[in-house]
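Only one structure is covered here, and it is reproduced in the block below.
Just so it is clear, none of the values below were taken in a lab; they were calculated from the coordinates. Small disclaimer: the values here were computed from a predicted structure and weren't measured. Glycine also receives a Cβ, built like all others from the backbone with ideal geometry; neighbour counts cover every protein chain displayed.
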Amino acid sequence: MARSEAQLAKQLQRIRALCMALPEVTEEITWGTDVNFRVRKKIFCFPGTGGSLTVKADRDELPALLADTRCSPAPYLARGGWIRMDLTVRKVDWREIDELVRTSYTLIAPKTLSRQLAF
């Protein structure tokens with residue numbers, strides 16, 4: 001299911017809203033054009049152009065995530081438990097995306113900030 005640039009931009013906006021709602025999050029552009037979201041300068045989410053999502057996954061959930069055809073080990077980051085999810089192959093489940101973003105945030109953020117989140 002190919003997505004238009006407008007659809008990808010809309011998806012990026014939704015990911016941005018999810019990330020920016022978390023405590024002490026900043027958005028940065030690195031490597032020229034890559035949007036990423038950080039908590040206290042540590043990256044927890046790479047949304048690309050809205051067509052994919054790269055996040056750190058809980059080690060216990062990693063096998064199930066990687067069994068999903070939308071997911072693959074994230075280039076350069078897989079050893080650390082990062083996955084990339086393709087958001088162009090079927091309808092996006094925004095509750096699932098929210099959970100992945102929040103999980104990544106809690107794995108990266110200081111514990112004092114992580115404890116502020118209610119799942």
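Annotations
- Label positions at Trp94 and Thr30, each projected 7 Å from the Cα along the C-beta direction, are separated by 2.8 nm.
- Theoretical ellipticity at 222 nm over the chain - DSSP helices of four or more residues, -39500 (n - 2.57) apiece, nearest 500: -10000 deg cm²/dmol
- Contact order relative to length of the chain, as percent, for alpha carbon pairs under 8 angstrom and 6 or more apart: 25 percent
- Pairs of lysine residues in the range 5-111 - Cα separation under 29 Å, sequence separation of 8 or more or cross-chain: 10
- Rounded to two decimals, the Cα radius of gyration of the range 5-111 over 2.2 N^0.38 Å is 0.98.
- Neighbour-count ranking [beta-carbon atoms within 10 angstrom, fewest first] of Ser72, Ser4, Ser52, Ser104: Ser4, Ser72, Ser52, Ser104
- Dipole magnitude of the chain about its Cα centre (Cβ charges: Lys, Arg +1; Asp, Glu -1), debye to nearest 20: 200 debye
- Using θ = phi - 60° in the Karplus curve 6.51 cos²θ - 1.76 cosθ + 1.60, the 3J(HN,Hα) couplings for the range 12-18 round to 4, 4, 5, 5, 4, 4, 4 Hz; x is entered for Gly and Pro.
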